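Below you'll find the structure, written out as structure tokens, and then a few comments.
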Amino acid sequence: MRKRTRAREYALRILYQFDINKTDLSIILDENFKFDNINLDIKEFAYSIIKGTIKNLEEIDKIIAKYAQNWSVKRMAVIDRNILRMAIFELLFLKDIPPKVSINEAIELAKKYGDKNSGRFINGILDKIFNNSLN
């Protein structure tokens, strides 16, 4: 598995815990970094996604709300919501990553960790965002 793919999985795990537990992020990071033997490059990329997503959460959630017709952000599955958040952070703020890569990685995460419709759901929203506002 590629390093950035592993980093995204790691970031998703942390963002999921943060979303569910509403605990201080530093506590969650300490718990995970202490017990995980993960390559430094993976940790650094995951950390940039985590911190950037949380820092820009309000803006990201507004974008999700705008493009996720008939879905409130709070009612989305936690996995789907956090995959969207990460991918939108990448699309908006990580200009060195091609948008199609960020979208494809998000879809693959959704297929792996979401339910049977998550991949299609994530793809639909990210495609709308990419085509309407970022392109």
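Being in contact (Cβ under 8 Å) with a residue 40 or more places away in the chain and either surrounded by 12 or more Cβ atoms within 10 Å (Cβ to Cβ) or under 13 Å from L12 (Cβ atoms) (or both): is that true of F93 here? It is true that F93 is in contact (Cβ under 8 Å) with a residue 40 or more places away in the chain and either surrounded by 12 or more Cβ atoms within 10 Å (Cβ to Cβ) or under 13 Å from L12 (Cβ atoms) (or both). Residues in the range 99-121 that are outside any helix (DSSP H, G or I) and open to solvent by 70 Å² or more (accessible area, probe 1.4 Å): D115, K116, N117.
Here W71 clears all of (1) surrounded by 15 or more Cβ atoms within 10 Å (Cβ to Cβ); (2) at pLDDT 90 or above; (3) hydrophobic (A, V, I, L, M, F, W, C); (4) farther than 21 Å from R2 by Cα except the condition numbered (2). Quick check on E59: is it open to solvent by 10 Å² or more (accessible area, probe 1.4 Å), at pLDDT 95 or above and of a type outside the set (A, V, I, L, M)? The answer is yes for E59.
So that you can scan it fast, the table gives a plain yes or no per residue for (1) out of contact with any strand residue (DSSP E or B) (no Cβ under 9 Å at 6 or more places or on another chain); (2) within 19 Å of E108 (Cβ to Cβ); (3) not in a helix (DSSP H, G or I):
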position	(1), (2), (3)
R8	yes, yes, no
Q17	yes, no, no
I20	yes, no, no
D30	yes, no, no
N37	yes, no, yes
A46	yes, yes, no
K51	yes, no, no
I60	yes, no, no
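Answer yes if at least one residue in the range 12-23 is within 12 Å of the chain's Cα centre (by Cα), crowded, with 18+ Cβ neighbours inside 10 Å and of a type in the set (S, T, Y), and no otherwise. Scanning the range 12-23, I find no residue that is within 12 Å of the chain's Cα centre (by Cα), crowded, with 18+ Cβ neighbours inside 10 Å and of a type in the set (S, T, Y), so the answer is no.
Taking every residue in the range 5-20 that is farther than 13 Å from N39 by Cα and among the aromatic types (F, W, Y) and pairing it with any residue that is at pLDDT below 95 and open to solvent by less than 40 Å² (accessible area, probe 1.4 Å), at least 6 positions away or on another chain, the pairs with Cβ-Cβ distances below 6 Å are F18/L25; F18/I28.
The values are calculated or read from the model by the stated rules, or taken from the named source; none is laboratory data. What you are looking at is a predicted structure, and each value in this text was computed from that prediction instead of being measured. Glycine gets a Cβ as well: all are built from the backbone with ideal geometry, and neighbour counts include every protein chain shown. Note: accessible area is taken over every heavy atom of the protein model, side chains too, but ligands, DNA and RNA are not part of it. Shrake-Rupley method; radii C 1.70, N 1.55, O 1.52, S 1.80 Å.
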